[in-house]
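Just so you know, all these numbers are worked out from the coordinates, no wet-lab data involved. The structure presented is a predicted model; accordingly, all values stated were derived computationally and were not measured. Glycine also receives a Cβ, built like all others from the backbone with ideal geometry; neighbour counts cover every protein chain displayed.
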Amino acid sequence: MIETARNFVGSYYDPARFPTIQYPEERQPLPENSRSFPILIYDGEDPEAGLRCVACKICEKECPPQCIYIVVERDEKGRAKRHPAVFDLDISVCMGCQICVEVCPFDSIKMDVAFEKAGTDRFGRMLLHKQDLARPNEYFHQIHPTEAAQSDERVGKTKKAPKPKPKPAADAAAERQPSRLAA
Amino acid sequence: MSKPLDFDAAEQLAMATGDVEPEQLDHDAPVSLPPPGPRYEAVPRAASPAIPEPEGELLEVSVGPHHPSTHGVFRMNVVLDGEKIVQLKPVFGYLHRNHEKLGEQTTYLGNMPYTDRLDYFCSLSNNWAYALAVEKLAGLKVPERAEYIRVITAELTRLVNHSSLVGFLLHDMGTMGTPLMYAFREREKILDAFEALTGARMMCNYHRFGGCRVDLPPGWLDQVRTIVDNFPRFIDEMERLLSENEVLIARTHGVGVLPPELAVNAGVTGPSLRASGINYDLRKVDRYGIYDRFQFRVPLGEKGDVYDRYMMRILEMRESVKILQQALRDIPEGPVIDPKVRLRNFTPPVGEAYGRIEAPKGELGFYLISDGSKKPYRYRIRPPSFINLTVLEDMCRGHTLADAVIILGAVDIVLGEVDR
């Protein structure tokens, strides 16, 4: 009885005894490492041209529930361009394990923190295309500052100097690591 | 218990009383090994005894699979004579997700997130057991700091599991949620720490072969220290509230007694086994990881009833707090993962390995056979909840159906692990 009373009274002034919040109105800040679903990072202004993804299909192969589908873009002669024509990610299948992030050699696929992904329809709204997945690098800096700084270092770009005509970072990375492409 | 069950104690007793003479300890003499096999007499378990002649008509009740007291989708086919249970058949498989075959279709790394979903209360212990099996298979060494992180995460998981279990057990007895909410409040703080470290609250997917995925974020150790330092206050409150509670004692004393012989022969592990008085804790027996560096004791029960199993959880939480305090004090700096381990195209040599840890529910083992390819040739799990469930009928027979709910609650099952 005393314990119940202590917890009841304590819940009025001790946050350790009353951790609940009024969720939709009130939100707890998420920890920096928090993760929900993958996103694709692009540099510069254009989400299509600046996409870091080179369609190497490593994430497609490694994804445990196989929720990623990639088609490589080809030019008129049928040669593969380092760009995905289709990059689909089914978040009704994705389990947010972030193995795609770990295996990506181009720092292209990263984890988002937005978790409110409810939709009214089981199929359409849950299948995200590359234009739904593309996020600017600045957004990545906003949600995961430490990880973004490390990733920028690897990609070889300065943090706050997006060049007027940015060379796609993916190409730059691909030039540095030609051997990884073979995988 | 009249029978000496702890063999070390029995040997010490024999030495002390002079039953063993010093002349016998001749090191050159041929060593006469004890006969192989278990220390206890292996008795084949009898089939369910014939149902005795009932006083009235027998009543068959199917409890579950959607009954809230069955902790998931679990069904008990119970035969009642009046109010007494004369037969109980567990039925499960409703949550079967083909985990073991799935593990043979994915890479070694790709199976790691699936292990989170076995016992979804203790994803980090599952990660550890699987990583341990693969590390044995591939012969990998884990850096010092990663070993400490593994101990810290596993013991925090034990606190999560045991505190929720106590809450759920009391909920089964009809406390309408008060202890459960207190337990969940504490669990919430630990899950916040897990989220800060691994990115997810329950499906952590954090351990990797040869270490851990990322290093601790800044301030994480202080956050955990605060949790661990405040945790004994919660256990004290829980004990003052519950341990001498009249209802709890009336409902649990002498209910669902598991005799130690049966517990050993049925392969029961974890707190249920120790509640029956058998000193078997893999942290002491195997000393996997770095558990040999920590001072802690293994609590043992006397009667093996539900009250002992409840008490075992409370005492183990206290020991976990001790381990955590030592680990948080001693954790060194350094790398958290062996840089030589390849993330992709990880191919362990041909062979087989069995890695086991003391998960909060009992011995959790992963058995792997490698044929040298990227995927395991055979993958098998020894789940503690499933094997602990095999003695349910023996514990429930003769009790009422309301007691069966409590006995099932004290076994501590998670259907994700039972059905896999």
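Between 0 and 90 degrees, rounded to the nearest ten: what's the tilt of helix A:145-155 against the longest Cα principal axis of chain A?
For A:145-155 against chain A, the angle is about 10 degrees.
When Cβ neighbours within 10 Å are restricted to other protein chains, what is their mean count per residue of peptide A:52-62?
Details: counts 0, 0, 0, 0, 0, 0, 1, 0, 0, 3, 7.
Mean partner-chain Cβ count within 10 Å for A:52-62: 1.
Local charge sum around B:E363 (other residues, Cβ-Cβ under 13 Å, Lys/Arg +1, Asp/Glu -1)?
Net of charged neighbours comes to +1.
Taking square-rooted eigenvalues a ≥ b ≥ c of the alpha carbon gyration tensor, is chain B rounded, prolate or oblate, where a/c under 1.5 means rounded and, failing that, a/b exceeding b/c means prolate?
Since a/c stays below 1.5, the shape of chain B is classed as rounded.
If you average the sequence gap of Cα pairs under 8 Å that are 6 or more apart and divide by the length of chain B, what percent do you get for the contact order? Write down the numbers at each step before the final one.
Values: 739 pairs, mean separation 101.9, N = 420.
Relative contact order, chain B: 24 percent.
Indicate the gyration tensor shape class of segment A:11-65 (rounded, prolate or oblate), computed on the Cα atoms with a ≥ b ≥ c the square roots of the eigenvalues: a/c under 1.5 is rounded; otherwise a/b larger than b/c is prolate and the rest oblate.
It is prolate, given that a/c is not under 1.5 and a/b is the larger ratio.
Binned at 5 Å from 0, what are the whole-percent values of the Cα-Cα distance distribution for segment A:1-92, short to long?
Going from the shortest bin to the longest, the percentages are 3, 10, 12, 13, 12, 9, 7, 6, 6, 6, 6, 4, 3, 2, 1, 0, 0.
Please list 3J(HN,Hα) in residue order for segment B:309-324, calculated via the Karplus relation 6.51 cos²θ - 1.76 cosθ + 1.60 where θ = phi - 60°; whole Hz, with x for glycine and proline.
Once rounded to whole Hz, the list reads 5, 5, 5, 4, 5, 4, 5, 5, 4, 5, 5, 4, 4, 4, 4, 5.
Please sort A:1-7, B:366-372, A:18-24 by packing, taking for each peptide the average over its residues of neighbouring beta carbons within 10 angstrom, highest first.
Per-residue mean Cβ counts within 10 Å order the peptides as B:366-372, A:1-7, A:18-24.
Grab the other residues whose beta carbon is less than 13 angstrom from that of B:H71, score K and R as +1, D and E as -1, and report the net.
Result for the neighbourhood of B:H71: -3.
Just how many % of Cα pairs in the protein assembly as shown lie over 41 Å apart, if you round to the nearest whole percent?
Numbers: 60488 of 181503 pairs.
So the portion of pairs separated by more than 41 Å is 33 percent.
Below 12 angstrom from the Cβ of B:P271, what's the summed charge of the other residues (Lys, Arg +1; Asp, Glu -1)?
Around B:P271, the charge tally is -2.
Under the Karplus relation 6.51 cos²θ - 1.76 cosθ + 1.60, θ = phi - 60°, what is the ordered set of whole-Hz ³J(HN,Hα) values for segment B:78-85, x standing for Gly and Pro?
10, 10, 10, 10, x, 9, 8, 7
When a footprinting reagent is the concern and you count Cβ atoms within 10 Å, what order do B:R187, B:R342, B:R420, B:R318 take, fewest first?
Ranked by crowding around the Cβ, least crowded first: B:R342, B:R318, B:R187, B:R420.
Search the structure for amide H atoms under 5 Å from the amide H of A:M111, placed 1.01 Å from N in the peptide plane, and list their residues when 5 or more places away or on another chain.
Placed amide hydrogens put A:I39 under 5 Å from A:M111.
Across segment A:78-85, in residue order, what do the Karplus-derived ³J(HN,Hα) couplings come to in whole Hz, using 6.51 cos²θ - 1.76 cosθ + 1.60 with θ = phi - 60° and x for Gly and Pro?
x, 7, 6, 8, 7, 7, x, 6
Tell me the label-point distance for the pair B:L58, A:T20, using the 7 Å Cα-to-Cβ offset, in nm and rounded to one decimal.
Here the modelled spin labels are 4.6 nm apart.
Can you list the residues, at least 5 places off or on another chain, whose amide H is less than 5 Å from the amide H of B:E363, using H built in the peptide plane?
The answer is B:T269, B:G270.
Would you mind checking which residues have amide H under 5 Å from B:R378's amide H? H placed 1.01 Å from N; only 5 or more apart, or other chain.
Correct list: B:I369.
For n ≥ 4 DSSP H runs only, could you compute -39500 (n - 2.57) per run for chain B, divide by its residues and tell me the 222 nm figure to the nearest 500?
Details: 16 runs with 184 residues, N = 420.
Helix-only estimate at 222 nm: -13500 deg cm²/dmol.
Which value, to two decimals, describes the C-alpha radius of gyration of chain A once divided by 2.2 N^0.38 Å?
That ratio works out to 1.30.
Here are some pairs, A:K61/B:K101; B:K284/B:K361; B:K101/B:K284; which of them have Cα atoms lying more than 23 Å apart in this structure? Could you put the intermediate results ahead of the total?
Numbers: A:K61/B:K101 18 Å; B:K284/B:K361 16 Å; B:K101/B:K284 32 Å.
Pairs exceeding 23 Å: B:K101/B:K284.
Does segment B:235-295 come out rounded, prolate or oblate by the C-alpha gyration tensor, with a ≥ b ≥ c the root eigenvalues, rounded set by a/c under 1.5 and, if not, prolate when a/b is larger than b/c and oblate if not?
Working: a/c = 4.36, a/b = 1.37, b/c = 3.19.
Verdict is oblate for segment B:235-295.
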